[in-house]
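Before any comments, here is the structure.
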Amino acid sequence: MNVLIYARASTREQDSTRAVPVLREFAGERGWAIRKEYVENASGASLERPQLSLLLDEANTGDLLLVESIDRLSRLEAAQWESLKRTIQDKGLKLVVENLPTSWNMLQGEKSSPVVDGIMAAVNNMLIDMLATMARQDYETRRARQKQGIEKAKEAGMYVGKAKDERAREVVKSLLNAGHKPVKVMELAGVSRATFYRIKKEMA
């Protein structure tokens, strides 16, 4: 069986290759040949992912799409998840999830009746949909908490925004390297005490 590995992380600060060795070992233990690996840093809440699109373009009927977990493939809204599933099915791909045994047990060569196969396929599809829903809910929960945290930081005068934060970091770094004391750095950089010590801690 030919395997297409897909590994994803949300931000550039995260290691999108982390799961690749595990997936290579998983495929090797089952005698599956890895045809290609697709790795990217992109949000799972968007369908606009270059490497995922390339994988779907290059996939052949019968290939195995191997992922570590459903949330690495999707944190999509329900309609988008249905669209992605249809594309996977139309391409003739078999979705294999390393941490979901029902997705790969039937590929082990063990013979069973058509009835059992049908039941297992239905259970597997149900579990995949449930995990995709949970992944989306987790994404929305984290986004809501992040928004709440930003609002609280704004109220406390501690939120400076990403672009401004980058500028503040550079100014603080330059002033510290020039030997200025913390109070003077805060004054010249125009940052709060909390922001100054956060930036200083990140620099360390």
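Annotations for the structure displayed:
- Any hit, segment 38-49, residues being among the aromatic types (Phe, Trp, Tyr), open to solvent by less than 60 Å² (accessible area, probe 1.4 Å), part of a loop (DSSP other than H, G, I, E, B) and on the phi < 0 side of the Ramachandran plot: no
- Within segment 1-28, residues that are more than 20 Å from residue 43 (Cα to Cα) have Cβ atoms under 6 Å from residues that are outside any helix (DSSP H, G or I) and of a type in the set (Asp, Glu) in these pairs: 2/63; 26/98, counting only partners at least 6 apart in sequence or on another chain.
- Verdict on residue 66 being touching a residue at least 24 places away in the same chain (Cβ under 8 Å), out of contact with any Lys or Arg (no Cβ under 9 Å at 6 or more places or on another chain), surrounded by 13 or more Cβ atoms within 10 Å (Cβ to Cβ) and not in a helix (DSSP H, G or I): yes
- Every pair of residues 6+ apart whose Cβ atoms lie under 8 Å, when the first sits in segment 173-191 and is open to solvent by 70 Å² or more (accessible area, probe 1.4 Å) while the second is outside any helix (DSSP H, G or I): 188/180
The values are calculated or read from the model by the stated rules, or taken from the named source; none is laboratory data. The structure displayed is predicted, hence computed values, not measured ones. Note that each Cβ is placed from the backbone with ideal geometry, even for glycine, and that neighbours are counted across all protein chains shown. Heads up: the accessible areas ignore ligands, DNA and RNA and are worked out on the full protein's heavy atoms, side chains in. Shrake-Rupley method; radii C 1.70, N 1.55, O 1.52, S 1.80 Å.
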